[in-house]
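As structure tokens, the structure follows; a few thoughts come after it.
Every number in this text was worked out from the coordinates using simple rules, so none of it is lab data. Just so you know, these numbers come straight off a predicted model, no measurement behind them. Methodologically, a virtual Cβ is constructed for each residue, glycine included, from the backbone with ideal geometry; neighbour enumeration extends over all protein chains shown.
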Amino acid sequence: MSCVPSALPRSLTALRRGAGCRALALALLVTATGATAACDEKLSDITGPTPNLEPRFASIQREIFDASCVTCHTSQGRTPAGGLDLRVEVSYGNLVNVASRGKPSAVRVVPGNPGASYIIHKLEGGPDIVGSRMPFGGTPLTPGQITVIRHWIESGAQNN
């Protein structure tokens with residue numbers, strides 16, 4: 001059985017032998033392992049001020065919502081901005097498959113569809129938003145931070 005297509009040049013025919021296949025498999029394994037490590041490093045490189053940010057809800061809560069959003073989006077001692085309470089004990093239930101109060105035709109987080117998730121539009125300051133870009137009065141999230149949130153949504157917006 002060959003591990004490379006027969007259409008490759010004759011100089012590669014040595015790889016068709018068993019030892020060549022094993023060597024190729026080992027090289028691919030080493031390359032894949034290195035690529036995985038490189039992806040992890042790249043993720044922390046793009047998240048800017050939040051190097052520990054991961055595409056998991058608990059991480060997004062801790063690194064983004066708790067740090068940048070709960071000052072306004074809390075029901076403790078006030079009415080939460082936009083009717084959205086982002087405190088850790090209630091934020092997931094207030095985001096996923098929930099219509100925006102400011103724009104009822106928009107769903108805050110649509111699992112599997114970051115483009116249809118209003119939170120992404122609000123974080124990016126899209127032309128279709130009602131009100132201001134979030135976080136209001138604060139430093140906008142970096143493109144890398146938004147990418148991590150997009151990935152969490154794209155992966156199903158699990159409460160993980």
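Please enumerate the residues belonging to the stretch 65-105 that are assigned to a loop (DSSP other than H, G, I, E, B), of a type in the set (S, T, Y) and under 20 Å from R133 (Cβ atoms).
Those that are assigned to a loop (DSSP other than H, G, I, E, B), of a type in the set (S, T, Y) and under 20 Å from R133 (Cβ atoms): T71, T74, S100, S105.
Look at the stretch 57-72: where a residue is closer than 9 Å to V88 by Cα and a partner is surrounded by fewer than 16 Cβ atoms within 10 Å (Cβ to Cβ), sitting 6+ places away or on another chain with Cβ atoms under 6 Å, you get Q61/V88. Of the numbered criteria (1) assigned to a loop (DSSP other than H, G, I, E, B); (2) surrounded by fewer than 17 Cβ atoms within 10 Å (Cβ to Cβ); (3) out of contact with any His (no Cβ under 7 Å at 6 or more places or on another chain); (4) not small (G, A, S), the one P135 fails is (2).
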